[in-house]
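Notes follow once the structure below has been shown.
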Amino acid sequence: MTEERPRRETHYYSQISDSARWDHFAGRDTDVFVCTPPKAGTTWTQTLCCLLLFGWREFDIRPSDISPWYDATFEPVEEINALIEAQDHRRLLKTHTPLDGIPYNSQRTYVTVYRDPRDVYFSALNHKDNVTLNDFSIGPEDDISAPFREWVHAPAGNGGSASGSLERFIVHFKSFKRFGHLANLHFFHYSDMKRNLPAAIAALAGVLGVEVTQDDIAQISRIGDFQNMRKNASQFSPDAKTGIWKNNEQFFNKGTGGQWRDTLSTEDLALYDERMSDLLPAEDIAWLHYGATPNT
């Protein structure tokens with residue numbers, strides 16, 4: 001019996017991304033895909049992959065310069081193709097699109113990272129507040145309950161980002177979880193990375209087939225530490241040189257979990273729990289909330 005494989009069969013789009021751009025993609029078997037919902041650890045994971053693939057010594061790479069968000073519509077797809085086709089090293093591609101919207105090849109490596117959806121929601125608020133072309137702002141006295149409940153109940157659809165609604169986030173997760181048995185799909189969790197970054201780096205090195213020493217892991221942990229990336233935000237925040245952010249350091253806002261505990265009401269959280277129970281079984285909810293040892 002032939003094993004079912006992922007198929008690119010759904011068109012996903014938003015104001016800033018379009019999965020139809022993959023029509024123009026010429027893949028290589030050695031490609032690495034970092035596949036995450038927005039604000040779930042994308043930039044962190046890209047940076048760790050760069051440190052492993054290209055070496056941590058004298059590391060002066062801007063990860064977003066060599067690891068493009070392929071389906072973002074900021075630049076013509078022809079320019080992105082010219083960038084990656086000229087790369088003679090192992091290529092690293094970023095996407096926020098669910099698995100059924102991107103090209104799959106059993107020889108490629110797919111790294112996906114998830115995070116407590118409630119933390120994703122609050123990280124997305126900071127993200128929107130920090131974009132230069134965005135009038136959005138939120139203050140300490142502003143009501144969070146109404147927009148949070150709207151996020152909880154909004155339908156998925158194929159438009160909008162995975163942080164645009166809870167269900168869109170879950171659609172992304174389900175698209176990968178369905179094929180979690182495949183050997184080239186690798187699941188990581190933001191909380192696990194926070195709890196034990198060296199262990200996550202060692203696991204990621206195994207996924208990428210990169211041999212590392214304990215010293216390598218220690219040095220990569222130092223460079224890839226949240227505070228170091230924040231301190232060097234002009235290097236590590238995506239497209240920092242374009243002036244897209246009001247404050248590059250704010251891109252790395254807090255990097256903590258549970259910000260929602262002191263902000264959301266009991267009623268807000270009850271509505272969230274009810275919606276999550278409608279969308280996922282209990283074991284998947286527990287993993288999304290708390291993580292576990294990286295499944296590689």
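R0 = 30 Å: FRET efficiency of A146 with I16, Cβ-based, nearest 0.05?
Details: r = 24 Å, r/R0 = 0.81.
E between A146 and I16, to the nearest 0.05, is 0.75.
Ranked from highest to lowest mean number of other Cβ atoms within 10 Å per residue, what is the order of the peptides 221-231, 78-88?
Packing proxy ranking, top to bottom: 221-231, 78-88.
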Order these peptides, 112-124, 64-76, 266-278, by their mean beta-carbon neighbour count within 10 angstrom, highest first.
112-124, 64-76, 266-278
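Normalising by the residue count of the stretch 1-93, find the relative contact order in percent from Cα pairs under 8 Å and 6+ residues apart. Walk me through the intermediate numbers first.
Numbers: 67 pairs, mean separation 35.9, N = 93.
Once normalised by length, the contact order is 39 percent.
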Which order do peptides 29-38, 146-155 fall in by mean Cβ count within 10 Å, highest first?
29-38, 146-155
Just to be sure I understand the model, the point goes 7 Å from the Cα along the line to the Cβ. What's the resulting S234 to T263 distance in nm?
2.9 nm
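Counting Lys and Arg as +1 and Asp and Glu as -1, what is the net charge of the other residues whose Cβ lies under 13 Å from the Cβ of L92? Each step should come with its number before you reach the end.
Working: positive: R28, R62, R90, R91, K94, R108; negative: D31, D65.
Once positives and negatives cancel, what remains is +4.
Every number in this text was worked out from the coordinates using simple rules, so none of it is lab data. None of these values were measured; they are calculated from a predicted model. Every residue, glycine among them, receives a Cβ derived from its backbone with ideal geometry; neighbour counts consider all protein chains shown.
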